Every structure is written in structure tokens, then in C-alpha cells.
Amino acid sequence: MKLLGFLLSLLASSLVWAASADSGQRDLKLWYAQPATEWLEALPVGNGSLGAMLFGGVGEERVQFNEQTLWLGNETEMGSYQPFGDLFIAWKHEQATEYRRELDLNEALHRVSYRTKDALYTREAFSSHPAQVLVYRFTADKRGGYSGTLRLTDRHGATISAEGRTLRSVGKLENGLDYEAQVWVLNEGGELAVVNGTFVVTKADAVTVLLAAGTSFANDPQRKWRGEPPHRRVADRLEIAARKPFALLREEHVADYRSLFSRVALELGKSDASVPTDQRLKARQGGGADAGLEALLFQYGRYLLISSSRPGGLPANLQGIWNNDLKPAWYSGYTANINVQMNYWPAELTGLSECHEPLFKWVQNMAVMYRNTQDPRVKSAKGRGWSSYSTTNPFGGSSRWGVHRPQSAWLMQHFWFRYEFTQDREFLQRVAYPGLKEAVEFWEDRLVEGPGGTLVTPDGWSPEHGPVLEKGVLVIKEGDRTPHPGVSYDQQIVWDLFSNFLEASEILGVDPEYRAKVASMRNRLLAPKIGRWGQLQEWMQDVDDPNDKHRHTSHLFALHPWRQIDPINTPLLAEAARVTLNARGDISTGWSKAWKINFWARLHDGNRSHKLVGELFKGSILKNLFDTHPPFQMDGNWGYTSGVCEMLLQSHTRQEGKRVLHLLPALPDAWSEGRITGLRARGGFEVDLSWEKGRLTSATVRNLAGPATVLVRHGTETRLIHLEKAQSYQWK
Ligand code: FUC
């Protein structure tokens, strides 16, 4: 019997470690040699809407879960994103050795394994998009190893019950939103009993826990944001999932996740993945080199986006979908003067166009809410188009802090990106174009005549500070929102909007007269200016302070994410942007550093981008690799992933009217060797790149869309290529 146990344990442990023997896989794991002791050490799983933070405790596992529609607030009150509840699973296991927990980004699986004096215990968890349930399975190499309790808690006064094999919490928020969570406990062997509202498991061989949660939220303003109560939906999901063997649930989950995740692979040098992630992070923070960790953080951004943003759902908020606070920072909402856009920068670049969709739906909903608003602060001048406040919730309610006139214009950029990358003409015609045109009309009605017959926006602000006179001295004050005409941020966003509109109307062959009018308005827009200390001016007047270290660099919008400024076509302005960035410095909040990685890449300075990568790791990456502002804010994760793309491939510029695919435009010395496959470029291209000793060794450009002629650039060499649909070009 003893011998059998030993053999079984050998078999189980070799299975557990089999995956990690493959070095390609090992590099894509976050792993730790101890359980999480606090929330920001726990590891996230998510299926786009149902998310959880897993602590991996031995004596007690904590599953802190969220569902992305559990929001307080309404159309007028901001409210905030709420934690749903916790599931505590306590096993009578002590003195664990060989402890390991990991998040495998290749398969979106969370695993825990440890040994006690008589057995090897293993767990596997995932949040399944196809099944819409969270699955957590506990196994061991000995029979009857699981005895303990399962307890469900809630933070909003829900009624909690335990019956049969179901734990249930049912409640209502003060805004009338109904919510429900159910946990099914499926034990193999042993017994399951209800004692005082909790489940007691005795001597089970294995236990599978299924969790589903939902609310009565409907993502639809016409329905006043309310749909069916969640009960039936939640129960049905569990019933269907419970009928499937664990292996099948797992297989369907992995297949679904990999259909998105595996589109892009990145290798950056070698690193020792046998070292736990928190130790690698510490070493990196201390200045050590770890290109593998940088590749892991890149893929983590993709993992997080797939896990928090799926078609039909809400967009990823400031914390994705993961929140444990009743009063989360900035409501865990949607801030659109940089943050929510940054969340989606990597979507098209890294082949996750589907994950971009929730943003479009949200923008369309906001348009419904704000188009006819009577709120004098954000009302459009002549009833055309819409704008809003900086921070809003899913229902259109806002914090009312920061009137943000370019809201729709900047957000419409994402619709244009979607078209540029996918070349989906139907999307352009049906979805993007009407929204672009509406935003153009909004600005047509607002622009006024400025100096020298230029057109300026009348009353904007440069998030999130401004020039004020204090005791006769001009200072740039944090948070000041005094309106000013011709603010660079506004001017550049309107230039971007008009440019996208012009291209869109030309491609679709519509509105030729209006196009001509918009073209002439664009030509008259007050252009970016170089100020007295060589900087790119933030305001119409040359008032920038060279000692200003503000985290927002709103006036560099034209450099990134847009294309009005670039080193090849507008070298003087690019130089001014460089002066500005140097003055602002590299030390800032998480997302600000992430943005700067993108800026320096756009200036073709890979080493400086990589220095910012180091700064990001140093003060802004937490043990579970979440970005921190502080506090924790996920935009920096996504801004980083986008930054890495910008270092390796850019496709936003034109030369002589032709799109340019720029290969390795900002490769840092630290990434002397590497390989990336599946990166996307504007124009509908997919690009693979390999390099050694800092030099490109091969590149493949595949054309996924219709016939196209593009310039491919590498270093100082530029080649004109023509590709039919599905054809590829090999750079040698
Ligand atoms: C903007 C930023 C803050 C923070 C918040 C969510 O207000 O200025 O730094 O990121 O959004």
C-alpha cells in the first residue's frame, strides 16, 4: 500500500512538473513559492466578465471574485465598481512543503501544488469564457485527502444560503441592481453536508467547485440598463457546466483562450524561469537584467485584456475587472483623458481586435446618454455630437469632475484604429463613420477664429493642470481646469479626428462636399508650436514651465497615440517633443511611465524606452505584476504592452502618401536577441520579426486584407512592396 502511494505520488508529481520542463512554457508563468498574504499578491483569472483573485492558501484558499456589471450608481450618480464576494475554502492541511502556485499564461490556468507528510495536493483553476463559470478543482495522490469547509460571503447584505450542493448569495444594491452568486460543490468520494450555512466536506478524494455570478444589468440605455434577474442565467450555467467532466470544461476553456492568446508570441533573450517571479521582480527592480521577465509582462498585458474584455461585456475599467474595495480609487471607473484609451492600445496591435469591442459598445452607449444632454456644462453648441466628463460609469453617470470636450473625438480614434488594422469596411461604414462624422460636426460647431485666421478650440484644458496667475506670478497648477482657447491637447485631437474622417469618407466615397469643408478646416487648425525653451507648447501661449513634472503629457498626443508628429516627416516638432519629455523626466506614476515608453519608441529611441521599462518595474510593478499608479491601476500594464509593440514595429506614418511599416524602429541594446510573431500593423498586415546581436535577421510581412502597396522600412533602407491578399513578403 505504501509502495503504491509512493508510485502514485511520483506519477502525479511528474505530471505536475511535466509542463514546466518545456522551457518555452516556463517562461510564460508567474510563479511563487508561497501563498499570497495580501490581495495584491493574489493572481487574477477572468473570462471577460467573471474575475477572481486567487490567494493559493494551504489551510484556507480565498477566492475573491468580481463580476463586471456589479456597479453602484446610475445615469446621474457616479457610484463605483463593487466587489462581489469571497469564497473561502478551508482544508485541514498543514505544514506544506514543496509549495508552488503559478499562473500559466499559455493556457490561462492557475495551479497550486504542495506536499504534506502523507500526500501531494494539486489544484487547478480557471474562469471559463465558453462555460461562463469559474472552475476550481482540487486533487491529490491519495484517497480521502480533502476534509474541510466552504463558505460564501458577501459585502452588500445579501442573503446567503446553503442547500443540497449549492451555496447561494442573493442581494440587491441600493440602485436596484439585483445580483446573485452560486457555488456548486461536486465532491468525488467522501461526504458533503450543510452545517450552519456552510458546506462541510469529509474525506473526499477530489472536489470540483463551480462558481457563477451575475446581475440584472443590461448593457443598453434603451432598457434603462436593466434586464432579467440573474437567477435563471446563473443556475443554468452551473447546471450545464456540472454535466461536463472537468477535463472537457478545461479543454474548452483552453481552446477558447488560446484562439486569442496564441496569435502573438514573443521571446526576448534568455532568462531563468526557475526563479520565482517575485524574486525576479526584485532583482529587476535592483537593476538586474531580465529580458524574459519583460516578455512575460508583455504577455501578461494580453492575458489581462483577454480576461477582462470580451464582446458583449463592459470595457475593462481602471482595474480591469478585479476589485476588492467598496470605495475603489477613482471609482474603478472609465477615465477618458488617457486611462481607458490606454487600456485598449494593445488590442489591435497584438491581434486582440475582438477584445476591443466592449469599448465600442460603451462609447455608443455614452453617445446615447450625452447626445441630447441638457447639462449646460457638456451640452454641444448646436445640438450636434456629444462630449462628457473625464470619468464616467457604465450608465453614463459621471463624477462631474473635469468637463472633457474631446471625449468623443479621442474615443472615435479607437474606431478608426479598428478599421485601420482590420480593414473591415463594413465596420467602417456602419459603425465608425457615423460616429466620426458626428464628432466632426461637434467640433465644426465649436471651433472659433484664433490668431492669424487660425481655427482654435475655444475653452479647453490640458489634463490635468493649467496656467493660473497667483499673486501676479504665472504658475502651472495641478488639477486646474480654467478654460483656455487653443490648448494643444484639443487642437491635436481635433486634427486627428478630422484626418481620420477625411480618410474614412474618401475610402467610402461619401460626403465629398463635406470632406472638402473638413479638409479646409483642418488646414486652418492652429498647429503644434515650438516654445521658448525648445519645447512643444502645451498651451497657445508659451507658458510651459521647464520644471513641470506633471504625469500627464497631454500635448504629446500628436506623437503618440496619434501621428501628427514623427521624426521622419516632422523632425523639428519631434525634437521639441524630445525636449518636453526630457524636461518632464522619467519618474512618474505607473501609466505615465508606460506612456513614455510609447513616446520614446515613437522618437526611435529604444534605449530610452527601455530605461522607462526599468523605471516602470522599479516603482510601478507589484508582486503579482499588476501596475500601480499607486494605487493599483491596470492601464499601466496595457500601456506597457503597447510600448513593447511600438519598440518593435510601427505602422502609423506615411511617406509620399504610402503607409510605412517600420521594422524594429526602437530596438534597445538590452534586447539584442529576440523574436516576435503575429504582430499586427495598420493596413491589415501581420508581421514576424527575428533579430540577433541587435540586427534584424528575418522579417515576414503577411497581407491579411486586400491588395496593397506599402513601404517597408528598416534602419535607413526603405523598400516598396506590393502584396495581394494572403501574400507575404520576406525581408532578407
Ligand atoms: C487621471 C489621472 C490620475 C489617475 C486617474 C484615474 O485623473 O490624472 O493620475 O490615473 O485618472
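Structure notes:
- Scope segment 106-128; condition surrounded by fewer than 23 Cβ atoms within 10 Å (Cβ to Cβ) and part of a loop (DSSP other than H, G, I, E, B); matching residues: 106, 107, 116, 117, 118, 119
- Residue within segment 586-594 that is away from the ligand (no atom under 15 Å from the Cβ) and either basic (Lys, Arg) or surrounded by fewer than 24 Cβ atoms within 10 Å (Cβ to Cβ) (or both) present: yes
- Condition check for residue 659 on (1) part of a strand (DSSP E or B); (2) buried (at least 20 other Cβ atoms within 10 Å of the Cβ): one failure, at (2).
- Within segment 314-347, tally of residues that are away from the ligand (no atom under 13 Å from the Cβ) and either closer than 21 Å to residue 103 by Cα or open to solvent by less than 10 Å² (accessible area, probe 1.4 Å) (or both): 11
- Any hit, segment 534-553, residues being away from the ligand (no atom under 16 Å from the Cβ) and in contact with a Phe, Trp or Tyr (Cβ under 6 Å, 6 or more places away or on another chain): yes
- Whenever a residue of segment 450-465 is at negative phi and of a type in the set (Phe, Trp, Tyr), its partners that are open to solvent by less than 10 Å² (accessible area, probe 1.4 Å) and more than 12 Å from the ligand (Cβ to nearest atom), lying with C-beta atoms within less than 8 angstrom and at least six residues away or across chains, give the pairs 461/487; 461/489.
- Qualifying position, being over 26 Å from residue 224 (Cβ atoms), more than 16 Å from the ligand (Cβ to nearest atom), hydrophobic (A, V, I, L, M, F, W, C) and not in a helix (DSSP H, G or I), among 428, 436, 474: 474
- Qualifying residue in segment 445-457 (condition: more than 30 Å from residue 477 (Cα to Cα), among the basic types (Lys, Arg), assigned to a helix (DSSP H, G or I) and open to solvent by 20 Å² or more (accessible area, probe 1.4 Å)): no
- Checking each residue in segment 564-578 for being open to solvent by 40 Å² or more (accessible area, probe 1.4 Å) and touching a residue at least 40 places away in the same chain (Cβ under 8 Å) picks out 568, 569, 572, 575.
- Residues satisfying the stated conditions in segment 622-644, i.e. open to solvent by 10 Å² or more (accessible area, probe 1.4 Å) and away from the ligand (no atom under 15 Å from the Cβ): 622, 623
- Filter result for residue 495 (within 16 Å of the ligand (Cβ to nearest atom), within 21 Å of residue 412 (Cβ to Cβ) and either open to solvent by 10 Å² or more (accessible area, probe 1.4 Å) or out of contact with any Asp or Glu (no Cβ under 7 Å at 6 or more places or on another chain) (or both)): no
- Selection count where residues are exposed (fewer than 15 other Cβ atoms within 10 Å of the Cβ) and part of a strand (DSSP E or B), scope segment 683-699: 4
- Residue 150 being open to solvent by 40 Å² or more (accessible area, probe 1.4 Å), assigned to a strand (DSSP E or B) and under 26 Å from residue 243 (Cβ atoms): no
The values are calculated or read from the model by the stated rules, or taken from the named source; none is laboratory data. What you see is a predicted model, and the numbers here were worked out from it, not measured in a lab. Counting neighbours? That spans all protein chains shown, and the Cβs are built from the backbone with ideal geometry, glycine included. Note: areas computed on protein heavy atoms with side chains; ligands, DNA, RNA excluded. Shrake-Rupley method; radii C 1.70, N 1.55, O 1.52, S 1.80 Å.
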